[in-house]
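Below is one structure, written out as structure tokens; comments come after it.
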Amino acid sequence: MNIHKHEFDAVIIGSGGAGLYTALEASRGTSRTAVISKVFPIRSHTGAAQGGIGAALGNLEEDKPEWHAFDTVKGGDYLVDQQAAVILAQDAVQAVYDLENRGLPFNRTPDGRIDQRMFGGHTRNFGEAPVRRACYAADRTGHMILQTLYQQCIKNEVSFYDEFHLLDVLLDGHKCIGVVALELATGDIHVFHTKAALIATGGFGRMFKTTSNAYANTGDGLAVLARRGVPMEDMEFFQFHPTGIHGMGILITEGVRGEGGILKNGKGERFMEHYAPTLLDLAPRDMVAQAIMSEIHAGRGAIGDPDGDDFVYLDASHLGREVLEKKLPDICDFCRTYLSLDPVEKPIPVHPTAHYGMGGIPTDIEGRVLANGKGDIIEGLYAAGECACVSVHGANRLGTNSLVDLVVFGRRAGQHVNEFVQQASFGTLPSDASDFSADMINRVLANSGSQDTESIRNEMKRIMMKNVGIYRRGDQMDQTTARLKQLREAVLQIGVGDKNKAYNSGLLELLELQNLMDLSLITAASASLRKESRGAHAREDYTERDDTNFLNHTFCQLKDDKLSFDTKPVDLSVWEPKPRTY
Amino acid sequence: MNIIFSVLRYDPESGKEPAFQDFQVDVKPSDRLLDVLVYIKRNLDNTLSFRRSCAHGVCGSDAMTINGVERLACKTLVQDVTQADGDKVTIEPLKSLPLQRDLMVDYTRFFDVYRLVKPFLIPIEQPDEKENIQSPEDRKQFDDPTKCILCASCYASCPVVAETNPEFIGPAAVVQASRFVFDSRDQGLEPRKEVLDDKNGVWACDGHFNCTKVCPRGIKVTKNINFIKRKLKKDKE
């Protein structure tokens, strides 16, 4: 294969909401910036986000950033770094106005202001009652954000390298020198010599059997950095969104419940009354997902079979056709297309689906990547969006907080990158910069082809879903960790049936599987270590939250096939941890 | 059900012409065609190449020609294209865009003409602070074109692009332009007149309606093109 070299001041890897916003900031002035992405930017998974972007505009009722920050901290079961939450909530307001000024087509109130709706875990006055904080564009807010940001990148003439897959990051001690990527169209390797690299590669839900995530969400940024010794933070906290279409994992937005939709068990009962008396169906996602699983395990699912493929119902039929068609049109479309069901007439069969990684690449509030739990920075290396862990979501993310995270921390990181590259110098590019990547690819191409890839992939997804899913147990997690180690070894022996240079999707899928395997192992191992239940990490063998021993962030390093762990204190500077009830 | 999927194959490195390859697969009526393609790739023939991402019709990656009609593979269920055991389903890449490999086509021209219409907000004025005020009625005026996911189904279905005038910027570019032309916050038609009011702009459209029929987002594509035609005519008077 050919090796190409490029020089840029800043390179952004990933073209979703965070990547594009960073690009807009980083490319101001004379800074030479490039965005590389493994899909065309407008195919990025930000486009699938539905419900809304949370900001305390107070357009319909009184609201304050302080309340939003508190809800975020409590929503994260007190594992959130509180200054990060304060920044998120404060900057959210101007971020939403900026998006609107750039053209985002929000739904409007009768007096022409940005319309807002209720959403899980968002309250007024520190938990008093639900508050209308989610700014939305029908039920395709993410689509609108992605399109608007891409339009702005076109306007600002940002350079794109489309369909380039991240292979490696080049580090010299704690300094970033560049990144290496595979050009899918040719099979060539590209070395980007850069002062700053920002990882915005999104999520990694494809570790699990049932997920709302796109095929592309294979955690490439995390895996590439982990391979170079960067620890991953809080990987045990993976959110299962309560309402995915049963059997498919396709997301049905929390916005349905925000508009008044109700969850019912097989007996037609509004079971959330027993789990969250104040917020009911608008309780935070981890609590709702766990409640659904509890109902199913107790035999109260729609089918009544605790061990079977059971589900519950999301009933929106009482909302009326007008509300559904006007405010939730895409949901109606999904139900009609995939279930031949009209939500105006019938309740929707739903089951939790693997949705969002709260953990990821550890960063500070400027988006700079941390080398360890002590807080040492890797100069010139940044991360933002779902792939990063600031930590602003802690043990559980509130709905609408991801879109805010993308724009607030994407913007902050972009601004920091812009300032950084003015005074930073390039690192020295080693002569063997592309060797690691070239070797990895050549090895895969040379291995004799095997059909085992699919069965290994399926087993990984199945055991992760079952044993590192919503409810976990120590012995099952340990078995899973051991099995994943074996599967991981097996993956390294697999070859690819496709030997082409151009558009070798077989090669790409295998590289992605290697990434998912590493992240699955880190996730299972981190989960096993945390002997408490907190937020999305719910254990049958340790059912209570243990602030004495576990009020800290997990750092897990997977280097040269060895797992090692560290912790980092949580920033508790504003609110004292309290029991989490709704 | 047991169905024969006849898929167009093309390997640029083989020196061979594109040709159909049949795959016989056991499927459920509710399976997405994308699920079938993934199954074929991961179990029968790893070289089969196609674009896909979200798998539920919002990203636009997997637009292709299925039984002669432009559709998203992830939004087309087996039961939508076949009823009986032993039936054949034909899957080909989109027309009018150069073939790259198997079901993958080169979107360069499609994105080039999209950029021509200045597909970004050109504001009339910026508010001092907070949001532009826009009434729900004004918001409704351009709601339809905001749904566009740039999948190119309409572009590929257009007989003008395919035969009579390949220089036509195509339906998607006009839809993207209309999203801004009818947005009360935007300067509208003026900055985009040159590219729209042209023989290769809106006037190339002959009203075949293929675009409207195939749009997976249900956008009234031809209607949007006609809105612009009408506005151009009106402005001249």
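The values are calculated or read from the model by the stated rules, or taken from the named source; none is laboratory data. Predicted model only: the values in this text are computed from it and were never measured. Please note: Cβ atoms are built from the backbone with ideal geometry, for glycine as well, and neighbour counts cover all protein chains shown. Surface areas here come from the heavy atoms of the whole protein model, side chains and all, with no ligands, DNA or RNA. Shrake-Rupley method; radii C 1.70, N 1.55, O 1.52, S 1.80 Å.
Evaluated against (1) more than 26 Å from B:Gln79 (Cβ to Cβ); (2) at pLDDT below 95; (3) more than 14 Å from every other protein chain (Cβ to nearest Cβ), A:Lys327 falls short on exactly one condition, (3).
Taking residues in the range B:3-14 that are closer than 13 Å to B:Ser49 by Cα, and partners anywhere that are outside any strand (DSSP E or B), the pairs with Cβ atoms closer than 6 Å and at least 6 places apart or on different chains are B:Leu8/B:Pro18; B:Arg9/B:Asp102; B:Tyr10/B:Pro18; B:Tyr10/B:Asp102; B:Pro12/A:Ala502.
Taking the stated definitions as given, is B:Val105 surrounded by fewer than 21 Cβ atoms within 10 Å (Cβ to Cβ) and either in contact with a helix residue (DSSP H, G or I) (Cβ under 6 Å, 6 or more places away or on another chain) or modelled with pLDDT of 95 or more (or both)? Taking the combined requirement at face value, the residue does not satisfy it.
Within the range B:111-134, work out how many residues are facing chain A (nearest Cβ under 10 Å) and of a type outside the set (Lys, Arg).
Final tally of qualifying residues: 14.
Does any residue of the range B:111-121 turn out to be under 30 Å from B:Ser30 (Cβ atoms), open to solvent by 10 Å² or more (accessible area, probe 1.4 Å), assigned to a loop (DSSP other than H, G, I, E, B) and at pLDDT 95 or above? There is no residue in the range B:111-121 that is under 30 Å from B:Ser30 (Cβ atoms), open to solvent by 10 Å² or more (accessible area, probe 1.4 Å), assigned to a loop (DSSP other than H, G, I, E, B) and at pLDDT 95 or above. Every condition in (1) outside any helix (DSSP H, G or I); (2) within 14 Å of chain A (Cβ to nearest Cβ); (3) exposed (fewer than 14 other Cβ atoms within 10 Å of the Cβ); (4) not basic (Lys, Arg) holds for B:Glu137 except the one numbered (1).
Residues that are closer than 22 Å to B:Asp112 by Cβ and either aromatic (Phe, Trp, Tyr) or not in a helix (DSSP H, G or I) (or both) within the range B:188-206 comprise B:Leu189, B:Asp197, B:Asp198, B:Lys199, B:Asn200, B:Gly201, B:Trp203, B:Cys205, listed in sequence order.
So which residues in the range B:66-81 are out of contact with any Pro (no Cβ under 8 Å at 6 or more places or on another chain) and within 13 Å of another protein chain (Cβ to nearest Cβ), if there are any at all? Give the steps one after another, and end with the answer.
Let us first name the residues in the range B:66-81 that are out of contact with any Pro (no Cβ under 8 Å at 6 or more places or on another chain), namely B:66-70, B:73-74, B:76, B:80-81.
Hits for the range B:66-81 are B:Ala73, B:Cys74, B:Thr76, B:Asp80.
Of all residues in the range B:207-223, those satisfying the criterion of being surrounded by fewer than 19 Cβ atoms within 10 Å (Cβ to Cβ) and either assigned to a loop (DSSP other than H, G, I, E, B) or of a type in the set (A, V, I, L, M, F, W, C) (or both) are B:Gly207, B:His208, B:Phe209, B:Gly218, B:Lys220. Under the condition of being in a helix (DSSP H, G or I) and open to solvent by less than 10 Å² (accessible area, probe 1.4 Å), the residues counted in the range A:221-259 number 10.
One line per residue, one yes/no per condition, for (1) part of a loop (DSSP other than H, G, I, E, B); (2) at pLDDT below 95; (3) open to solvent by less than 30 Å² (accessible area, probe 1.4 Å):
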{"site": "A:Gly112", "(1), (2), (3)": "yes, no, yes"}
{"site": "A:Arg133", "(1), (2), (3)": "no, no, yes"}
{"site": "A:Leu171", "(1), (2), (3)": "no, no, no"}
{"site": "A:Ala196", "(1), (2), (3)": "no, no, yes"}
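Restricting the range A:413-462 to residues that are within 14 Å of chain B (Cβ to nearest Cβ) and of a type in the set (Gly, Ala, Ser) leaves a set whose member that is most open to solvent (accessible area, probe 1.4 Å) is A:Ser448.
Would it be correct to say that A:Gly120 is assigned to a strand (DSSP E or B), over 30 Å from A:His190 (Cα atoms), touching a helix residue (DSSP H, G or I) at 6+ places or on another chain (Cβ under 6 Å) and not aliphatic (A, V, I, L, M)?
So A:Gly120 passes the test.
Can you spot a residue in the range B:88-109 that is of a type in the set (Lys, Arg), over 22 Å from the mean Cα position of the chain (by Cα) and within 9 Å of chain A (Cβ to nearest Cβ)? Scanning the range B:88-109 turns up no residue that is of a type in the set (Lys, Arg), over 22 Å from the mean Cα position of the chain (by Cα) and within 9 Å of chain A (Cβ to nearest Cβ). Taken over the range A:526-554, residues that are under 18 Å from A:Asp566 (Cβ atoms), open to solvent by 30 Å² or more (accessible area, probe 1.4 Å) and in contact with an Asp or Glu (Cβ under 6 Å, 6 or more places away or on another chain) amount to 1. Scanning the range B:167-187 for residues that are out of contact with any Ser or Thr (no Cβ under 9 Å at 6 or more places or on another chain), part of a helix (DSSP H, G or I) and closer than 18 Å to A:Tyr150 by Cβ yields B:Ala173, B:Val175, B:Gln176, B:Ala177, B:Ser178, B:Phe180. Contact map, the range A:491-515: residues that are over 18 Å from A:Gly219 (Cβ atoms) and basic (Lys, Arg) paired with residues that are in a loop (DSSP other than H, G, I, E, B) and at pLDDT 95 or above, Cβ distance under 7 Å, separation 6+ or inter-chain. Pairs shown: A:Lys501/A:Thr186; A:Lys501/A:Gly187. When B:Ala84, B:Ala156, B:Ala152 are screened for being in contact with a strand residue (DSSP E or B) (Cβ under 6 Å, 6 or more places away or on another chain) and either within 13 Å of another protein chain (Cβ to nearest Cβ) or open to solvent by 30 Å² or more (accessible area, probe 1.4 Å) (or both), only B:Ala152 passes. For the range A:119-130, a residue qualifies if it is in contact with an Asp or Glu (Cβ under 8 Å, 6 or more places away or on another chain), within 18 Å of A:Val288 (Cβ to Cβ) and not hydroxyl-bearing (Ser, Thr, Tyr), and the qualifying residues are A:Phe119, A:Gly120, A:Gly121, A:His122, A:Gly127. For A:Ile154, the conditions (1) in a loop (DSSP other than H, G, I, E, B); (2) among the aliphatic types (A, V, I, L, M); (3) open to solvent by 10 Å² or more (accessible area, probe 1.4 Å) all hold with the exception of (1). In the set A:Glu386, A:Glu366, which member is touching a Gly at 6+ places or on another chain (Cβ under 6 Å) and open to solvent by 10 Å² or more (accessible area, probe 1.4 Å)? Unique residue meeting the criteria: A:Glu386. Taking residues in the range B:68-81 that are closer than 14 Å to B:Val36 by Cα, and partners anywhere that are of a type in the set (Gly, Ala, Ser) and buried (at least 24 other Cβ atoms within 10 Å of the Cβ), the pairs with Cβ atoms closer than 6 Å and at least 6 places apart or on different chains are B:Leu72/B:Gly57; B:Leu72/B:Ala63; B:Cys74/B:Ala55; B:Cys74/B:Gly57; B:Lys75/B:Gly57. Collect the residues in the range A:340-358 that are open to solvent by 10 Å² or more (accessible area, probe 1.4 Å) and out of contact with any Asp or Glu (no Cβ under 7 Å at 6 or more places or on another chain), keeping them in residue-number order. The answer is A:Ser340, A:Leu341, A:Asp342, A:Val344, A:Glu345, A:Lys346, A:Pro349, A:His351, A:His355.
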